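Enquirer: Pasting in a structure now, in structure tokens, and then I'll have a few things to ask.
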Amino acid sequence: MASISTAGGACASPGCTNVTSKRLACPKCMQLGLPPVYFCGQACFNTNYNQHKQIHTIAKQMSATSITSTRKTPPDGITCPVDASPSMKTSLPSWANDFSFTGPLRPTLLSPKRTVTNKNVKLPDYAKHPAGVSDSEQRDRASNNSIRVYGPEELEGECNLRYACAMGREVLDEGGKACRVGVTTDEIDRVIHEACMERDCYPSPLNYYNFPKSVCTSVNEVICHGIPDFREICDGDIVNIDVTTYSRGGYHGDLNETFCVGNVDDDGRRVVRTAFECLQSALAMVKPGTLYRDLGSTIHRVAQANKCSVVRTYCGHGIGSLFHTAPNVPHYNKNKAKGLMKEGHVFTVEPMINLGSYDDTTWGDNWTAVTRDGKRSAQFEHTVLVTKDGCEILTARKDEPVMKWNPDLVQR
């Protein structure tokens, strides 16, 4: 591709050394909103146009990608200042006025998107993209058919993959401390965001395909990707907090937990514990030679034994230098996931478990996934590393290398 030049510089035609004494710019570039490129004369422009117009093709493809990617952008009329009146904060966003909800939960307005205040924080490639597109992930999806193997040099060190996961653990613990009756999920988002800044980490969800917040908070019938807002957490709610941190070394660490707030009923506690045990049983299978698709069979058996169902739309994923990459890790029975686990693979397992049907739908904010029957959903997630004879939970609590159910740890 020819480099972009300005009038008075070199001609844009490859190999031409003439100086552009006249402002002969490509009209198509200007029409597409590209920075103008200049040629030394009409003859040079005509001779090289077939090669030059490749720029136009690429620009059109990028424009189409941006349009497609913005499908995740929440609609207008959803935010208000943090000092707005309580009645304004708790009012419905514009998209929700005529929306048909599946359960009793209702959204409120959002606070403005938070900013990165620590100059030491490394930004992922999507952080400033107008549509939140990760170009590195797009290239990976187009060209990569293999699962990355991570070695010691990528796992160790102050800011590498193991560190990113440890910071994710610390940040989730801070968010969990804030989760209680009367606290808004927006306040949890503030706590998470500031905890990331204190640890020189970027909150990976922020602006990822235009996600407007630094953490996902999924309450009651929300399966995943709930957007923190001004709704106060109520007695009896179950609240999932999903954290991903991006370290200065350029690695992501991803985990989540579901908390029981106040007096949660028996069904709520059953789905929370079932989600925990589904993940626990799946991680017990992780070792070299295990087929990725076989995790779903184990998760299905645990969920079915507890009269719950497994969400099919969303799955675990490879993670590391990319937020989402190969492999896909479905959680349901008889899936067709490809791949065999090998030492050095790093991925998440994050089964979403419903009290009722596994069917889901999405709110009008284009992000919040909810159960189609309005019944509650719970989830737990870890990032794991396949080791020589099993796995290491990179996002585990300190001194808890193997998952053990303790209801006190999720009670708020």
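Enquirer: Name the residue from P401, T325, M341 whose Cα lies farthest towards the positive end of the charge dipole of the stretch 313-412, charges +1 on Cβ of Lys and Arg and -1 on Cβ of Asp and Glu.
Expert: M341
Enquirer: Moving on. Give me the net charge for the shell around L206: Cβ to Cβ below 12 angstrom, other residues only, Lys and Arg +1, Asp and Glu -1.
Expert: +3
Enquirer: Still on this structure, I have one more. Considering the options V264, T245, C224, tell which one lies farthest towards the positive end of the dipole of the stretch 216-284, charges being +1 on Lys and Arg and -1 on Asp and Glu at the Cβ, about the Cα centre.
Expert: Of the options given, the answer is T245.
Enquirer: Counting only the heavy atoms of the protein chains, how much of T217 is accessible to a 1.4 Å probe, in Å² to the nearest 10?
Expert: 10 Å²
Enquirer: Exactly which GluC sites (Glu not before Pro) in the stretch 72-168 are in a DSSP loop and have at most 12 other Cβ atoms within 10 Å?
Expert: E156, E158
Enquirer: Around V302, with a cut-off of 13 angstrom between Cβ atoms, what is the net charge of the other residues, counting Lys and Arg +1 and Asp and Glu -1?
Expert: +3
Enquirer: Give me, ordered by chain and number, the residues 5 or more places off V121 or on other chains with an amide H under 5 Å from its own placed amide H.
Expert: Residues meeting the amide H criterion: none.
Enquirer: Taking the highest mean first, how do the peptides 366-379, 301-314, 85-98 order by number of other beta carbon atoms within 10 angstrom per residue?
Expert: Descending packing order for the listed peptides: 366-379, 301-314, 85-98.
Enquirer: Checking the a/c ratio against 1.5 first, then a/b against b/c, what shape does the Cα gyration tensor give for the stretch 113-272?
Expert: Taking the square roots of the gyration eigenvalues as a ≥ b ≥ c, the stretch 113-272 is prolate.
Enquirer: Separate question: Answer rounded, prolate or oblate for the stretch 314-412, using the Cα gyration tensor with square roots of eigenvalues a ≥ b ≥ c: rounded when a/c is under 1.5, else prolate when a/b is larger than b/c, else oblate.
Expert: oblate
Enquirer: Under a 1.4 angstrom probe, counting protein chains only, how are Y251, Y332 ranked by accessible area, largest first?
Expert: The ranking, largest first, comes out as Y332, Y251.
Enquirer: Would you pull out the residues with amide H under 5 Å of H317's amide H, same chain only if 5 or more places away, H placed 1.01 Å from N?
Expert: V329, T348
Enquirer: Rounding to the nearest 20 debye, state how big the charge dipole of the stretch 245-340 is about its Cα centre with +1 on each Lys and Arg Cβ and -1 on each Asp and Glu Cβ.
Expert: 420 debye
Enquirer: Check which residues have an amide H placed less than 5 Å from Q411's amide H, if you skip close sequence neighbours.
Expert: Residues meeting the criterion, in which the H sits 1.01 Å from N, are C260.
Enquirer: Please give the net charge around L172, taking every other residue with its beta carbon less than 11 angstrom from that of L172, where Lys and Arg add +1 and Asp and Glu add -1.
Expert: Within the 11 Å Cβ shell, the charges total -4.
Enquirer: Please list 3J(HN,Hα) in residue order for the stretch 254-262, calculated via the Karplus relation 6.51 cos²θ - 1.76 cosθ + 1.60 where θ = phi - 60°; whole Hz, with x for glycine and proline.
Expert: Karplus-based 3J(HN,Hα) across the stretch 254-262 equals 10, 7, 8, 9, 10, 10, 9, 9, x Hz.
Enquirer: Now a separate question. Would you work out if the stretch 205-321 is rounded, prolate or oblate? Take a ≥ b ≥ c from the square roots of the eigenvalues of the alpha-carbon gyration tensor; rounded if a/c is under 1.5, else prolate when a/b is larger than b/c, oblate otherwise.
Expert: Taking the square roots of the gyration eigenvalues as a ≥ b ≥ c, the stretch 205-321 is oblate.
Enquirer: Please get the size of the charge dipole for the stretch 86-212, origin at its Cα centre, with Cβ charges of +1 on Lys and Arg and -1 on Asp and Glu, quoted in debye to the nearest 20.
Expert: 380 debye
Enquirer: Heads up, I need the accessible area for R269: 1.4 angstrom probe, whole protein in place, Å², nearest 10.
Expert: Here the accessible area works out near 90 Å².
The values are calculated or read from the model by the stated rules, or taken from the named source; none is laboratory data. This structure is a prediction, so every number in the text was calculated from the model and none was measured. For neighbour counting, all protein chains shown are included, and Cβ atoms are generated from backbone atoms with ideal geometry for every residue, glycine included. What goes into the accessible areas is simple: the full protein's heavy atoms, side chains included, and nothing from ligands, DNA or RNA. Shrake-Rupley method; radii C 1.70, N 1.55, O 1.52, S 1.80 Å.
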